Amino acid sequence: MQRWFHSVTGGVLLGGLFVSGAGAWDYEGHRVVNQLALAALPADFPAFVQTPAARERIAFLGGEPDRWRNMNNELPLMHFNGPDHYFDLEDLEDHGLTPDLLPIFRYEFTAQLALARAARPEKFAPIDPARNRDRTRELAGFAPWAIVEYCGKLKSGFSYLKAYQDYGGTPEEIANAQQNIIYIMGVMGHFVGDCAQPLHVTKHHHGWVGDNPRGYATNSSIHSWIDGGFFRKTGGFQAATLAGKVRPAKIVGDPTQPEDLFRQVMAYLLATHKQVEPLYQLNQAGKLSGEGESVREGRAFLEAQLVKGGQMLGDLWFSAWQQATEDRFLIRQLTERNAASAAKSDEPK
């Protein structure tokens, strides 16, 4: 088993691989985001999601993508999974891109990044191969694409569940479809929760980098402190207390306009990005130290971000349920299967 080594800058060296992006919120924080999203769902949301066992499963799965990141010797997994946790918005300018014109397709965006690096090499510092074994240093992150893609997976889940329910699916097929929906909801929550943490939508994710006229903190440990250290020192994450701040879920995205959902997810990230400097200012003023009367202001700021994450997640879950279309391919298969079964039962014995 490989050992974990902390670098002198506060990053983490994993068997020689430098990892610059930690998970947003500790496991307990991701649980809270998923629990707040559950609190936003209407009473008529599918009952199989509302059982105590399902709610616990969804909360637990909020930490799943970070568990994948623990497999630091699995470079293809790290390459695939790592960039889905963040989006460094400032990097767009160096690539000649703007948030409002980003494509809705992740691989089209990847191609744009590659073309920009080739056309404007002077804009980009050389990448140390020793810190890029998973080949992600060239990327700005894929968080908004990951969220939208999970929305599509969830719509698919609700679509084929309805087909099984309405067109003769077996009890086992229906139960499996329900479990798939629970899994997608829980894992999806991780990435929505990541993007409520301001340090996951900025290049200043492990301390301020580059020009720093206001003297913001440059220590890399600020990231893990915001993720959970502050909360552990000030009483922990408190989902029950925050649940009352979540409004009922509402529709996000116009399904007749393919780009609309992506634009609304991007607006969510941009709103989080506006909190990057306020977070650094709170830290600079000692209000995120976890000590004294300033604890209240620091907690209020970070708890507000948790609520925003839970609210957005609840809206996306609700929208996927409401906007799921018919799975016509599966309906046709089930109809043919039922017809074949009926014909066989009519055969003389």
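Quick rundown of the values:
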item	result
Segment 158-176 - residue that is farther than 18 Å from residue 335 by Cα and without any contact (Cβ under 8 Å) to a residue 60 or more places away in the chain and, of those, surrounded by the most Cβ atoms within 10 Å (Cβ to Cβ)	176
Selection from segment 259-286 of residues that are in a loop (DSSP other than H, G, I, E, B) and buried (at least 20 other Cβ atoms within 10 Å of the Cβ)	275
Residue count for segment 287-298, restricted to those that are in contact with a Phe, Trp or Tyr (Cβ under 8 Å, 6 or more places away or on another chain) and not in a loop (DSSP other than H, G, I, E, B)	1
Flag for residue 326 being more than 21 Å from the chain's Cα centre (by Cα), without any contact (Cβ under 8 Å) to a residue 40 or more places away in the chain and loosely packed, with under 14 Cβ neighbours inside 10 Å	no
Residue 136 surrounded by fewer than 16 Cβ atoms within 10 Å (Cβ to Cβ), hydroxyl-bearing (Ser, Thr, Tyr) and more than 19 Å from residue 268 (Cα to Cα)	no
Residue in segment 241-258 that is more than 26 Å from residue 38 (Cα to Cα), in a loop (DSSP other than H, G, I, E, B) and among the aliphatic types (A, V, I, L, M) present	no
Qualifying residue in segment 45-52 (condition: modelled with pLDDT of 95 or more, more than 28 Å from residue 260 (Cβ to Cβ) and surrounded by 15 or more Cβ atoms within 10 Å (Cβ to Cβ))	yes
Among (1) modelled with pLDDT under 95; (2) not in a helix (DSSP H, G or I) - the single one residue 169 does not satisfy	(1)
Odd one out for residue 298, checked against (1) in contact (Cβ under 8 Å) with a residue 40 or more places away in the chain; (2) farther than 24 Å from residue 89 by Cβ	(2)
Test result for residue 223, in contact with a His (Cβ under 6 Å, 6 or more places away or on another chain), of a type outside the set (A, V, I, L, M), assigned to a helix (DSSP H, G or I) and within 15 Å of residue 27 (Cβ to Cβ)	no
Residue list for segment 28-71, restricted to those being touching an Asp or Glu at 6+ places or on another chain (Cβ under 8 Å) and of a type in the set (D, E, K, R)	none
Helices (runs of 4 or more DSSP H) (entirely within segment 51-132) containing at least 2 residues that are without any contact (Cβ under 8 Å) to a residue 12 or more places away in the chain	52-61, 75-81, 106-119
Matching residues, segment 117-160, being among the small types (Gly, Ala, Ser) and within 21 Å of residue 210 (Cα to Cα)	125, 140, 141
Residues satisfying the stated conditions in segment 291-330, i.e. among the acidic types (Asp, Glu) and either farther than 24 Å from residue 59 by Cα or modelled with pLDDT under 95 (or both)	291, 293, 297, 326, 327
Single unsatisfied condition, residue 223 versus (1) surrounded by 13 or more Cβ atoms within 10 Å (Cβ to Cβ); (2) farther than 28 Å from residue 266 by Cα; (3) not hydrophobic (A, V, I, L, M, F, W, C)	(2)
Pick from segment 245-258, criterion loosely packed, with under 15 Cβ neighbours inside 10 Å and at pLDDT 95 or above, ranking: farthest from residue 311 (Cα to Cα)	251
Residue ID - surrounded by the most Cβ atoms within 10 Å (Cβ to Cβ), chosen from residues in segment 182-215 that are within 20 Å of residue 309 (Cα to Cα) and small (Gly, Ala, Ser)	189
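The values are calculated or read from the model by the stated rules, or taken from the named source; none is laboratory data. Values in this document were obtained by computation on a predicted structure and should not be read as measured data. As a convention, Cβ positions derive from the backbone with ideal geometry for all residues, glycine included, and neighbour counts pool all protein chains shown.
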